[in-house]
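Asker: Take a look at this one; I'll ask things after.
What follows is calculated from the coordinates using simple rules that are stated; it is not laboratory data. Given the structure is predicted, the values throughout are model-derived calculations rather than measurements. All Cβ positions, glycine included, derive from the backbone under ideal geometry; neighbour counts span all protein chains shown.
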Amino acid sequence: MRYNLTSLELFVAVAEERNLTKAATRCHLATSAVSKRITELEDQVGSPLFVRYPRGVGLTPAGQSMLHHARQLFQTMQQMDDELSEYAAGIKGHVRIHAITSALVQFLPDDLEAFIQRYPLIKFDIEERVGAAIIRAVADGRADIGIFARHTPSQGLQVFPYRNDELVLAIPREHPLAKAGSVTFGEALAYEFVGPHLESSLHALISAKAKEAGQTVRQRIRVSSFDCMCRMVAARLGIAILPRTIVAQHLPALPLELVALNEEWARRELIIGVRDFDSLPATARALVDQLRAPG
């Protein structure tokens, strides 16, 4: 069915005002004109959209469903208008990026700064997500570019190398492991951890490696940011596995020690994922070209 946008706007007004007269005043129309539009819409749907009361109206189940979808439709149209008006104002592109915390904190800000120097009229929407959610967003077209760890399954996406990072242990200075040059994950598991939030890629990796070793990670505290994890460790509430650059930047200010994690999986490759590089907008392709590692 093809719906008239004016009729849908009037329907939303009646649904929100719960009164035809008030909706007519809001839309600067006669009440009879609004009533006629609503009747035509109900005929088109084949079901009543409102229950008529002596002093107003209420939505039927069909009306509730139509209100939900009509609001989504107008929201999408508003977003379209906003984006197109930005093009008219001189903004030449819009790139949507979903990335894991490690990439956002360590690498992406500097990389985007360099890109914006070359393309100053680009707009970005950047969201922090976990690996699996990033894959879904790129596959569904909700994100143009995803950045995640190589260990995350990415079937159906084109992937390109981005950066490498190293996971290390952040340890309080008085901790028994503080003076060790490096430790294995198994040795670290003897102690209590400060962990990342349950939906994070880092949590998934740590939990999987502990399960492979037939052990569990003892965690009393979970926090959602790397900075907070470092502060919890400094307060002697546990040890934590974090990217090396994150721990290193806190060493001057916090009573922490950085201890290498003697595991092959601690050296991670971060990758860029797209649904189809050739079908990306030109601005997104230019960004991927700049972000991807040589070779």
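Asker: Springs between alpha-carbon pairs under 10 angstrom, Gaussian network model over the chain: which of 262, 164, 19 fluctuates most?
Answerer: 19
Asker: Shifting gears a bit: Let's see if you can work this out: charge +1 on each Lys and Arg Cβ, -1 on each Asp and Glu Cβ, no other charges. What is the dipole magnitude of the chain about its Cα centre, in debye to the nearest 20? Could the numbers behind the result be given before it?
Answerer: On the way: 33 positive and 33 negative charges, 134 e Å.
Once rounded to the nearest 20, the dipole reads 640 debye.
Asker: Let me ask something additional. Can you find, among 12, 196, 258, the residue farthest towards the positive end of the dipole of the chain? Put +1 on the C-beta of Lys and Arg, -1 on that of Asp and Glu.
Answerer: Farthest along the dipole direction, towards plus: 12.
Asker: Next up: If you place +1 on the Cβ of every Lys and Arg and -1 on the Cβ of every Asp and Glu, how big does the dipole about the Cα centre of the stretch 124-163 come out, in debye to the nearest 20?
Answerer: Dipole about the Cα centre, nearest 20: 200 debye.
Asker: If you rank 169, 198, 108 by fewest surrounding Cβ atoms within 10 Å, what's the result? It would help to have the intermediate numbers written out before the result.
Answerer: Numbers: 169 28, 198 12, 108 21.
With the fewest neighbours first, 169, 198, 108 line up as 198, 108, 169.
Asker: With unit charges on the beta carbons (Lys and Arg positive, Asp and Glu negative) and the dipole taken about the Cα centre of the chain, which residue among 154, 27, 242 sits farthest to the positive side?
Answerer: Most positive-ward Cα: 27.
Asker: Please report the Cα spread of the stretch 31-89 along all three principal axes, rounded to whole Å, starting with the longest.
Answerer: Largest to smallest, the principal-axis extents are 49, 24, 23 Å.
Asker: Could you list the square roots of 5 times each eigenvalue of the Cα gyration tensor of the stretch 96-193, that is, the equivalent ellipsoid semi-axes, sorted largest first and rounded to whole Å?
Answerer: 33, 18, 11
Asker: While we're here: Quick check on the chain: of the DSSP beta bridges with both residues there, what percent are antiparallel, nearest 5%?
Answerer: Here the antiparallel bridges make up roughly 60 percent for the chain.
Asker: How about the stretch 115-198: which GluC sites (Glu not before Pro) there are in a DSSP loop, with at most 13 other Cβ atoms within 10 Å of their Cβ?
Answerer: Here the GluC sites (Glu not before Pro) that fit, given the DSSP loop and packing criteria, are 174.
Asker: May I ask for the Kirkwood hydrodynamic radius of the stretch 165-267, worked out over all distinct Cα pairs and given in angstroms to one decimal?
Answerer: Evaluated over the stretch 165-267, this radius sits at 13.3 Å.
Asker: Excluding residues on the same chain fewer than 8 positions from residue 22, give the lysines whose Cα lies under 18 Å from its Cα.
Answerer: 36
Asker: While we're on this one: Roughly speaking, what is the centre-to-centre gap between the stretch 35-99 and the stretch 188-222 when only Cα atoms are used, to the nearest Å?
Answerer: 45 Å
Asker: In whole Å, what three semi-axes, largest first, describe the equivalent ellipsoid of the chain built from its Cα gyration tensor (square root of 5 times each eigenvalue)?
Answerer: Its equivalent ellipsoid spans semi-axes of 52, 25, 17 Å.
Asker: Loop by DSSP (not H, G, I, E, B), at most 10 other beta-carbon atoms within 10 Å: where is the longest site-free stretch of the chain for trypsin sites (Lys or Arg not before Pro)? Numbers along the way, then the final one.
Answerer: On the way: sites that count: 2, 55, 179.
By the stated rule (loop sites, at most 10 other Cβ atoms within 10 Å), 56-178.
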